[in-house]
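The values are calculated or read from the model by the stated rules, or taken from the named source; none is laboratory data. Computed from a predicted structure; not experimentally measured. We place every Cβ from the backbone using ideal geometry, glycine too, and count neighbours over all the protein chains shown.
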Amino acid sequence: MKIVQEYLRITDRGRLLDNLVYDMISHTHLLLEYKDMSIAEIQDRYRSRLNDFIDYLLSVEAIPSDHMVLYMCEASLFDKQYNHEDKSLCLIDLNEIREDIFATGYSFELSDWEETLGYLVADNKLTQDYMIELLTHYLNEISFFGMDPVRHREKIEEVKVDLDQAMKEIEEGRTIPAEEAFADIRREYSLPIDEKDEKQDELDREISKAAHAFLRYCHWRERSRILESLGETAPNYEKIEGYQISEKTLAMIDQSMDNLKQGKVSKYM
């Protein structure tokens, strides 16, 4: 497997920039930053900044990893309703999925660029076929706090301080239920309150279970292919799930939904 920096070097720069600029419409801060410019002018400016950013990433020394792997996977059922071709970018630790094929993945917007440039990229067909999309997702994630390396590191430190403070408040019990927080927001902005009943809750639960089963299978498939590409044996899906969601998974989903209603954060893939 090659590292991210190598794919940035060999992938068609023009196609990658086209995809990034096309994706720019979701970056509302750019539209606000250049509010006196036309969309075409903003796109040209953004394309130039992105090109310089990629040049910078190719100039630094990547820190190669032997266990962190990026791969593309099918997006959630909800996302696929709007875009059948939509795929999601995932980061895993090889050592962890060897122990548990469904080990939790990672985000990396708070990681040093040199580290992320050294992540391995899966040789899976889906990942290779969607390399432009993978690099687009990757660049969007690492530039979440901008493309200036100094500002990026400063922002990471600021966020870490905020996260430490948030964790301290959680440990001290200084939190409020999610429903109460959402109710305050609705009142403040005069938002309508959704009407729900038991049947709707039941259907919501069934949809969530189906979506969860779909994602588990897709992740199992891509992760198994990564292990097999390394000459390792992956667990058989029929033995894990029996092609249905296990009772353990159902219980986990039920508990997660209950936790969300109570304003708690649940960690599951």
A careful count of residues in region 137-166 that are touching a Phe, Trp or Tyr at 6+ places or on another chain (Cβ under 9 Å) and among the β-branched types (Val, Ile, Thr) gives 3
Here, helices (runs of 4 or more DSSP H) confined to region 1-70 with at least 1 residues that are over 22 Å from the mean Cα position of the chain (by Cα) and at pLDDT below 90 are 28-33, 39-59
For region 3-28, pairs from a residue that is polar (S, T, N, Q) and surrounded by 12 or more Cβ atoms within 10 Å (Cβ to Cβ) to a residue that is modelled with pLDDT of 95 or more and not in a helix (DSSP H, G or I), with Cβ under 8 Å and 6 or more apart or across chains, are GLN5/ALA62; GLN5/GLY118
Mind checking whether some residue in region 85-96 is under 17 Å from GLN5 (Cβ atoms) and either surrounded by 13 or more Cβ atoms within 10 Å (Cβ to Cβ) or not assigned by TED's automatic domain parsing to the domain that holds LEU20 (or both)? yes
Q) Do we find a residue being loosely packed, with under 11 Cβ neighbours inside 10 Å, at pLDDT 80 or above and in a helix (DSSP H, G or I) anywhere in region 219-231? A) no
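Condition check ((1) closer than 30 Å to LEU94 by Cα; (2) buried (at least 16 other Cβ atoms within 10 Å of the Cβ); (3) in the same structural domain as ARG98 (by TED's automatic domain parsing); (4) of a type outside the set (S, T, N, Q)) across all residues:
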{"site": "PHE182", "(1), (2), (3), (4)": "no, no, no, yes"}
{"site": "GLU202", "(1), (2), (3), (4)": "no, no, no, yes"}
{"site": "ALA210", "(1), (2), (3), (4)": "yes, no, no, yes"}
{"site": "ALA213", "(1), (2), (3), (4)": "yes, yes, no, yes"}
Those residues of region 156-178 which are over 25 Å from the mean Cα position of the chain (by Cα) and either small (Gly, Ala, Ser) or over 29 Å from GLY146 (Cα atoms) (or both) amount to GLU171, GLU172, GLY173, ARG174, THR175, ILE176, PRO177
Looking for something surrounded by 14 or more Cβ atoms within 10 Å (Cβ to Cβ), β-branched (Val, Ile, Thr) and either in contact (Cβ under 8 Å) with a residue 40 or more places away in the chain or touching a Leu at 6+ places or on another chain (Cβ under 7 Å) (or both) - is there at least one such residue anywhere in region 143-156? yes
Heads up, the helices (runs of 4 or more DSSP H) in region 93-187 (entirely inside) with at least 1 residues that are within 23 Å of LEU20 (Cβ to Cβ) and at pLDDT below 90 are 149-171
Of the conditions (1) part of a helix (DSSP H, G or I); (2) closer than 30 Å to SER224 by Cβ; (3) at pLDDT 80 or above, the single one that PHE78 does not satisfy is (3)
